[in-house]
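Below is one structure; the comments refer to it alone.
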Amino acid sequence: MISEPMVNRNGHVSYGQDDNCYARFHKHPYKGDMHDFIEIIFPGARDTTDRPIKESDKQRFSRQWEAYQKGEEFKAEGYPLENWQAMDQGTVREYNHKRIYTVEQFANMAESNLENLGLGARTLHTKAKAFLEAHKDTKAAEKYASQNEQLKSQMEALAKANKEMKDRLDSLETKKKGKK
């Protein structure tokens, strides 16, 4: 079953968020020559799209296109499923086979695609959403802690420079008094 269709700002109809889908550019024979194709799979969906690329695909999936141009494989961004303790390795392999690589992809996938993942998918889906919500707070705390450490370092450097300047000033004043 496919998600509810959405029309995005470019006029494309999609069945889920593009950020969460798996898009892969590749070469494929077409009409006697090798052409660039795109394969689009939404996490958990049974249906896939594999067709010659359009210019709009290069913009729509710009990060994937850039990786393809460099001869690299595009990796989904986010918290890898294999690092998530709520999921066993067998389930991770099964989900990876269905082009779900990150907790973000899984948490944001369409509800209608959960039935394609088997028993326990809805429970894991709920856990993934809760994990990301908690992780978001942790990321913010880590960011603020990092900024705090940077500010402490800057303050220490400024305090040291200030002390050096005070010592130099005291030295100059002492020399000035000695000349009188």
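The values are calculated or read from the model by the stated rules, or taken from the named source; none is laboratory data. These numbers come from a predicted model, not from an experiment. Ideal geometry is used to build each Cβ from the backbone, glycine not excepted, and the neighbour counts take in all protein chains shown. Heavy atoms of the whole protein, side chains included, go into the accessibility calculation; ligands, DNA and RNA do not. Shrake-Rupley method; radii C 1.70, N 1.55, O 1.52, S 1.80 Å.
Net charge of the neighbourhood of residue 39, taken over other residues with C-beta under 13 Å away and scored Lys/Arg +1, Asp/Glu -1, is -1. Protection proxy ranking, highest mean first, for peptides 102-108, 92-98: 102-108, 92-98, where packing is the per-residue count of other beta-carbon atoms within 10 Å, averaged.
Of all DSSP beta bridges confined to the chain, the antiparallel ones make up roughly 100%. Residues of region 68-94 with an amide N closer than 13 Å to a point placed 7 Å from the Cα of residue 145 along the Cα-to-Cβ direction: none.
Sequence-ordered 3J(HN,Hα) estimates for region 42-53 from the Karplus curve with 6.51, -1.76 and 1.60 and θ = phi - 60° stand at 8, x, x, 6, 7, 7, 10, 10, 9, 8, x, 6 Hz, glycine and proline given as x. Considering only 162, 37, 69, and ranking their Cα positions along the charge dipole of the chain that arises from unit charges at the beta-carbon of Lys, Arg, Asp and Glu, the one farthest toward the positive end is 162. Taking amide H positions as modeled 1.01 Å from N, with prolines and chain starts lacking one, the residues under 5 Å from residue 35 and 5 or more places away or on another chain are 28, 30. Exposure check, 1.4 Å probe, all protein chains in place: residue 132 carries approximately 40 Å² of accessible surface. By the compact-protein rule of thumb, 2.2 N^0.38 Å, the alpha-carbon radius of gyration of region 89-180 corresponds to a ratio of 2.35. Oblate is the label for region 21-180, because a/c, from the alpha-carbon gyration tensor with a ≥ b ≥ c as root eigenvalues, is 1.5 or above and a/b does not exceed b/c. Accessible surface area normalised per residue over region 97-180 is 77 Å², counting heavy atoms of protein chains with a 1.4 Å rolling probe.
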